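The values are calculated or read from the model by the stated rules, or taken from the named source; none is laboratory data. Computed from a prediction, not measured in an experiment: that's the story for all the values here. Note that each Cβ is placed from the backbone with ideal geometry, even for glycine, and that neighbours are counted across all protein chains shown. When the accessible area is computed, the model is the full protein with side chains, heavy atoms only, and any ligands, DNA or RNA have been set aside. Shrake-Rupley method; radii C 1.70, N 1.55, O 1.52, S 1.80 Å.
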Amino acid sequence: DVSKKYTSNTDTTSASPGTVYDNAGNSGSCGNVTVKIDKSAPSCTTSGGSTSWVNTDVTITGTCSDTGGSGCKANSSKKYTSDTNTTTANPGAVYDNAGNSANCRNTTVKIDKTAPTCSVSGGTNGWSYSSVTVTGTCSDSGSGCKGNASYTVSSDYNSTVSPGTVYDNAGNSRACGSVTVQVDTCYDPTVTYGDWGD
């Protein structure tokens with residue numbers, strides 16, 4: 001009998017073990033068969049991360065590429081839907097049709113879907129005779145605050161005031177609450193007034 005061993009990447013329909021002989025010197029060529037060998041692992045390119053903060057879902061993809069001959073089975077993917085801050089987001093491994101695999105590289109995903117909080121200060125406890133600034137102090141445990149909010153009342157006023165809205169670095173916002181502000185710019189506490197009032 002004859003045989004032939006294939007040890008490297010092969011894709012052929014004409015693989016033959018060779019020729020056989022009898023003891024009288026007659027010969028016969030063996031027929032062809034198909035041999036498909038892929039020993040080369042595929043490669044994976046990772047895409048779709050977010051290096052800047054976002055407030056939406058993020059899907060990362062591992063794109064398979066194969067040069068061994070069998071071709072890729074499929075790409076891989078992973079969807080992130082909640083608050084995330086990682087540099088090790090991974091879509092998973094990819095495989096070719098011969099069973100070889102490749103691990104995809106990590107990438108960065110930054111998701112912040114939670115609005116910041118706002119703490120309001122600067123209202124008045126009674127009347128003020130000069131301008132009053134109300135401040136909204138932003139606090140955020142995810143992407144961080146863009147800044148605080150403030151509003152200044154410099155004329156006569158007797159009501160509630162909100163300093164505005166605070167924002168985080170992912171685009172989430174929070175409207176600040178209101179505090180009481182009472183301003184009377186007509187009165188000067190350094191002046192002694194008579195019975196006629198101010």
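For the stretch 141-172, which positions are surrounded by 14 or more Cβ atoms within 10 Å (Cβ to Cβ) and small (G, A, S)?
G142, S143, G144, A149, S150, S162, G164, A170, G171
State whether one or more residues within the stretch 87-97 are part of a strand (DSSP E or B), farther than 30 Å from N169 by Cα and aromatic (F, W, Y). Step through it out loud before you land on a result.
Kept after step one, since they are part of a strand (DSSP E or B), are these residues of the stretch 87-97: 87-89, 93-96.
Cutting the leftovers down to farther than 30 Å from N169 by Cα gives us 93-96.
Add one more test, that the residue is aromatic (F, W, Y), and what stays is 95.
Yes, the stretch 87-97 has at least one match.
Restrict the check to the stretch 14-22 and report whether at least one residue is in a loop (DSSP other than H, G, I, E, B), without any contact (Cβ under 8 Å) to a residue 12 or more places away in the chain and farther than 30 Å from S143 by Cα. Working first, answer last.
Let us first name the residues in the stretch 14-22 that are in a loop (DSSP other than H, G, I, E, B), namely 16-18, 22.
With the extra rule that they be without any contact (Cβ under 8 Å) to a residue 12 or more places away in the chain, the set shrinks to 22.
Right, trim to farther than 30 Å from S143 by Cα and you get 22.
Scanning the stretch 14-22, I find at least one residue that is in a loop (DSSP other than H, G, I, E, B), without any contact (Cβ under 8 Å) to a residue 12 or more places away in the chain and farther than 30 Å from S143 by Cα, so the answer is yes.
Could you please let me know if A98 is aliphatic (A, V, I, L, M) and surrounded by 14 or more Cβ atoms within 10 Å (Cβ to Cβ)?
Values: aliphatic (A, V, I, L, M): yes; surrounded by 14 or more Cβ atoms within 10 Å (Cβ to Cβ): yes.
So A98 fits the description; yes.
So which residues in the stretch 118-166 are assigned to a loop (DSSP other than H, G, I, E, B) and of a type in the set (F, W, Y)? Step through it out loud before you land on a result.
Quick first cut of the stretch 118-166, residues assigned to a loop (DSSP other than H, G, I, E, B) only: 122-127, 129-131, 140-144, 146-148, 154-156, 162-164.
Result: W127, Y129.
Which of the residues spanning the stretch 31-75 are part of a strand (DSSP E or B), farther than 30 Å from K5 by Cβ and open to solvent by 70 Å² or more (accessible area, probe 1.4 Å)? Reasoning before the result, please.
Start the filter on the stretch 31-75 by keeping residues that are part of a strand (DSSP E or B), which leaves 33-37, 43-47, 54, 58-65, 72-74.
Still in the running and farther than 30 Å from K5 by Cβ: 44-47, 54, 58-63, 74.
Correct list: T45 only.
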